[in-house]
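First comes the structure, then the notes that go with it.
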Amino acid sequence: MHSIESTLQQTLSDWQHWHVELPCEPRVVRPLEGGKTNHSFLVESGAHLAVVRVNAANSAALGIDRQRELALLRQLQGTGFISSVWYTTADVLVSAFVEGRRWPADALQQDRYRERLAQRVRRWQQLPAVPAVKRFSYQNHCRGYLSQLPNTPVDSQQILDWACAVDAADWQPVICHHDLVAENIVETERGLVVLDWEYGGWGHPAMDFIRLYGADYSHPDAEKLHYLQQAVDGLWQAVQDAQLP
């Protein structure tokens, strides 16, 4: 297994294979704080700024499918919804640094912020299907987490029942981010850019709105989806905690 430092340096030395014209080999400006799983670094080459994300070693354990993420990012390229992707391998993602202002931590408790992001969600939901991405299975996602926990949560069967009911319902999948939190939103001159698509998928059309509005969202399954989303968040944290030394 490569160390974070060696992976970073190898990525920088491969700069001529990046999908962007650069004047010279990039250098590290500083590590970027705030990520819960990956290690990210701000790098520069002349006037070009980029973020090198070294993927977490436990990505698969956290329910992250890097091939699925990459397929979604390819579909979203050129839409203005995401940062431009410059280079990828199994271990890293290099993307253009997004100049702008991060939203305040409580932004998604305020209607004016939520509605602006909801408009973005509605627009990317109109994009065509991603051929390389299968319909998201919330039941499989939950089972993946539960299988790693040394102590089975008391409500595990209820969680699986909710996930199974969601999977079995009649809905048409759309591009779904699955992790719309304020830290992932950047206000730029051209509009909102949404970061961190590693949990994205071809998912339930209400799920991103449930993240914004909770059980108050106007959907017949809003309460069920809200419960499932909270359960998935809890399982994710439990898997993270179980892996800590």
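The values are calculated or read from the model by the stated rules, or taken from the named source; none is laboratory data. All figures in this text were calculated on a predicted structure; none of them were measured in a lab. When we count neighbours, we look across all protein chains shown, and the Cβ atoms used for this are built from the backbone with ideal geometry, even at glycine. All accessible areas refer to the heavy atoms of the entire protein, side chains included, with ligands and DNA or RNA removed. Shrake-Rupley method; radii C 1.70, N 1.55, O 1.52, S 1.80 Å.
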Centroid-to-centroid separation of segment 51-66 and segment 187-245 [C-alpha atoms, Å]
17
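Looking at segment 13-104, which GluC sites (Glu not before Pro) are in a loop (DSSP not H, G, I, E or B) and have at most 10 other Cβ atoms within 10 Å?
Numbers: sites: 21, 33, 44, 69, 99; in loops: 21, 33, 99.
Answer by residue number: 21, 33, 99.
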Cβ-based net charge around residue 241, under 15 Å, with every Lys or Arg adding one and every Asp or Glu removing one:
0
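With a probe of 1.4 Å, find how much accessible area segment 1-113 has per residue, and write the answer as a whole number in Å². Please report the intermediate quantities before stating the final value.
Values: 6240 Å² over 113 residues.
For segment 1-113, the per-residue accessible area is 55 Å².
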Hey, any idea what % of segment 111-245's accessible area is carbon plus sulfur with a 1.4 Å probe?
50
I need the calculated FRET efficiency for the pair residue 188 and residue 115, taking r as the beta carbon distance and R₀ as 22 Å, to the nearest 0.05.
0.75
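At 222 nm, what helix-only mean residue ellipticity would the chain give, in deg cm²/dmol to the nearest 500, using -39500 (n - 2.57) for each DSSP H run of four or more? Don't skip to the end; give the middle numbers.
Details: 7 runs with 86 residues, N = 245.
Mean residue ellipticity at 222 nm (helix-derived): -11000 deg cm²/dmol.
Scan segment 116-222 for trypsin sites (Lys or Arg not before Pro) in coil per DSSP, keeping those whose Cβ has at most 16 other Cβ atoms within 10 Å, and list them by number. Mind showing how you got there, number by number?
Details: sites: 116, 120, 122, 123, 134, 135, 143, 190, 211; in loops: 134, 190.
Here the sparse-neighbourhood loop sites are 134, 190.
For segment 133-245, what does the relative contact order come out to in percent, with C-alpha contacts under 8 Å and a separation of six or more? Could you put the intermediate results ahead of the total?
Working: 124 pairs, mean separation 33.9, N = 113.
Relative contact order here is 30 percent.
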DSSP loop trypsin sites (Lys or Arg not before Pro) in segment 6-77 with at most 11 other Cβ atoms within 10 Å of their Cβ, which ones?
36
Mean separation of Cα pairs under 8 Å and 6+ residues apart, divided by the residue count of the chain: what relative contact order is that in percent?
19
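Accessible area of segment 58-103 with a 1.4 Å probe: how many percent of it is carbon plus sulfur? Write out the running numbers ahead of the final one.
Values: 930 of 2010 Å².
In segment 58-103, the share of accessible area belonging to carbon and sulfur is 46 percent.
With contacts defined as alpha carbon pairs under 8 Å and 6 or more residues apart, what's the relative contact order of segment 1-63 in percent?
Values: 75 pairs, mean separation 15.6, N = 63.
Computed over segment 1-63, the figure is 25 percent.
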